[in-house]
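The values are calculated or read from the model by the stated rules, or taken from the named source; none is laboratory data. Since the model is a prediction, treat every value here as computed from it, not as a measurement. Cβ placement follows ideal geometry from the backbone for every residue including glycine, while neighbour counts extend to all protein chains displayed. Calculation scope for accessible area: heavy atoms of the full protein, side chains included, ligands and nucleic acids excluded. Shrake-Rupley method; radii C 1.70, N 1.55, O 1.52, S 1.80 Å.
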Amino acid sequence: MSDNNADEVPSEDGEVELPADQPDTEGTEPDLGRDVSADMVVDEDATDDLLGGLQIGSTADIEVPDRLVDQVIGQDHARDIILKAAKQRRHVMMIGSPGTGKSMLAKAMSQLLPREELQDVLVYHNPDDGNEPKIRTVPAGKGEQIVEAHKEEARKRNQMRSFLMWIIIAIVIGYALIVEGAVLLGILAAGVIYLAFRYSSRGSDAMIPNLLVNNADHQTAPFEDATGAHAGALLGDVRHDPFQSGGMETPSHDRVEAGAIHKSNKGVLFVDEINTLDIRSQQKLMTAIQEGEFSITGQSERSSGAMVQTEPVPTDFVMVAAGNMDAMENMHPALRSRIKGYGYEVYMDDTIEDTPEMRRKYARFIAQEVEKDGRLPHFDNEAVEEVILEAQRRAQRKGHLTLELRNLGGLVRVAGDIARAEDAEYTTRDHVLRAKRRSRSIEQQLADQYIERRKDYDMTVAEGDVVGRVNGLAVMGGDSGMVMPVMAEVAPSQGPGEVIATGKLQDIAQEAVMNVSAILKKFSDEDISKQDIHIQYVQSYEGVQGDSASVTMATAVISALENIPVSQSVAMTGSLSVRGDVLPVGGVTHKIEAAAKAGMDTVIIPAANMQDVMIEDEFKDQIEIIPVSHISEVLDVALAGEPEKDSLVDRLKNITGQALESGSGSPGRGSPSPQ
């Protein structure tokens, strides 16, 4: 690789020097803005409200920080890592759910890297070996000047050559006409001279270098997103030349194309879903990281570009790899080791604690989205409050806010679009509520459509008492709740008694059936060794995946065994341990709302899930929520027929000992996280 001296102008031998008075285009790092702690008017006596005490008329009053790193909401740990990694030029791998700020943090790093180190990369023709073009690096901005200087010198040479050619042609034609009198011979001679000059002029074009990487216009370090890039886009390529001889070929250095690893030199290379890169590309990427340079060659073996291989091109980039949890499974172990050994690994949070400061930052997030879009009306106070309420609901944890801000930003944009279509001055709460209905995901729309179709043949019973029938609760599409009845029947066995469950149960649901079997053997007075217990999930056409219906199954079976009816105004959800403890599950908010919509009066949930309940205000007066921690409490609420129920519940409490009554542990303590 040649030196970095670019202060040259064209000379007779083809070297290029820049004029002494040519200004240096290297810049200094611009002011990237203030820190996240912007000055805001905050009422300290009102910090418990949804705006965290922020005193604004609308989001137009909120100042948005300039630096991307200061616009990131939450993810304080990841933000600190990015600041350190940028300062020390370390690689980073960020793992987490989509939409939690991975790409924004990667872009933020490019703002934090120093700009004065940026370089342009030039490719020159190699007169000794045309298939090994020479590489030259110069300070950013000098590359264009060198190319223009070479082009000007080539233009002057071509003008001189053309002038000389026409003089020779005129002399030859004149001699042929005047002296020899052979017009045809003169024309043929002139044509030969013209072709000879045109052929020889191609050599001067080969002297013009190819500007491979141009950083003249970059105000910050380059940022290259190589997510899903094929080998050529990532590692560089050499284009195929269909005319490889006869004077019509394109010089090899003009066919060289830079890859993302070369364009990101002195900057940031971002690769999301790193596991989607094929193993060979990951291996070459690791080489580029290790060596700090990587030659460019044709990626297709069938192309003439495969014969070309340049001198090594600088690849001194900081790599930011990202992905979900499964990204680490298909990632090349050596590449991950390289990142981990020379950088940081960060897991992105899905939620963050709901504090007044975070609520103020969420208000600023809305202002950021409005400013970024540039066409949306600003949000008034009530609209901001409704978005923050939705952030609380989507967290599915009481006292937390979601950090999946890409989806929340989608809600902001849809609400703004509705307001803009109405020529509203501000986006209001009504716009946000309508946007919540319009911005449903495809999965949620399909789930809602499926639930709507089920209503045509709905088997939900919301009143009366029935033996062996319980209203269970489930979630479809992630955030669409539904009532799923579970029925149980006990019949004489023709052989050893067994528990038979139907309804397309998946592995975890099958294991839940086994747990229920253990509870039946422990708590029932009936001899079930000579009986078959049949459990049916009604209308479970899409199958049952989790174990959140364990409590429902157990209640239905015990009701059938003991012949005690179950109140149909009660719905329930919860996992169950083999000892009868009710364990937390996911999606309780959507399940409770589904029960309320179906006309239920009461819903039973695990006590540990009470902190996750974030139902809409319209449902709060429609349904009673009862937290439980043991199967005996479930039966106490769900079963009807006082004498039989009281006898059964007392028997269960005696079997389980005094642990339940003594309150040896708070509800839900030691329970695993809901799955």
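Here is how the numbers come out for the structure above:
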read-out	value
Centroid-to-centroid separation of region 118-184 and region 344-405 [C-alpha atoms, Å]	61
For peptides 249-261, 217-229, sequence by mean Cβ density within 10 Å, most packed first	249-261, 217-229
Loop-located GluC sites (Glu not before Pro) in region 289-393, at most 14 other Cβ atoms within 10 Å (DSSP)	Glu301, Glu329
Cα gyration tensor category, rounded, prolate or oblate, for region 314-452 with a/c compared to 1.5	prolate
Amide H partners (placed H, <5 Å) of Leu50, local residues excluded	none
In sequence order, calculated HN-Hα J values of region 100-108 (Karplus, 6.51, -1.76, 1.60; Hz; x Gly/Pro)	9, x, 5, 5, 5, 5, 5, 5, 4
Cα radius of gyration and Dmax for region 234-288 (Å)	15.1, 46
Spacing of the two label points (7 Å from each Cα toward its C-beta) at Tyr347 and Val41, in nm	4.3
Region 581-624 and region 272-312: distance between their alpha carbon centers, rounded to Å	54
Arg360, Arg579, reordered so the largest accessible area comes first (probe 1.4 Å)	Arg579, Arg360
For Val628, distant residues with modelled amide H under 5 Å away	Ile605, Ala607
Gain upon complete extension [Thr276, Glu618; 0.36 nm per residue less C-alpha separation]	118.6 nm
Residues with amide H under 5 Å from that of His378, placed H, sequence gap 5 or more	Thr427
Accessible surface of region 47-106 [probe 1.4 Å, protein heavy atoms]: carbon and sulfur percent	42
Karplus-derived 3J(HN,Hα), 6.51/-1.76/1.60, for each residue of region 327-332, Hz, glycine and proline x	5, 6, 5, 9, 7, 4
Fraction of accessible area attributable to carbon and sulfur, region 260-389 (%, probe 1.4 Å)	42
For region 208-221, 3J(HN,Hα) per residue [Karplus equation, 6.51 cos²θ - 1.76 cosθ + 1.60, θ = phi - 60°, Hz, x = Gly/Pro]	7, x, 9, 7, 6, 10, 10, 10, 4, 8, 7, 8, 10, 4
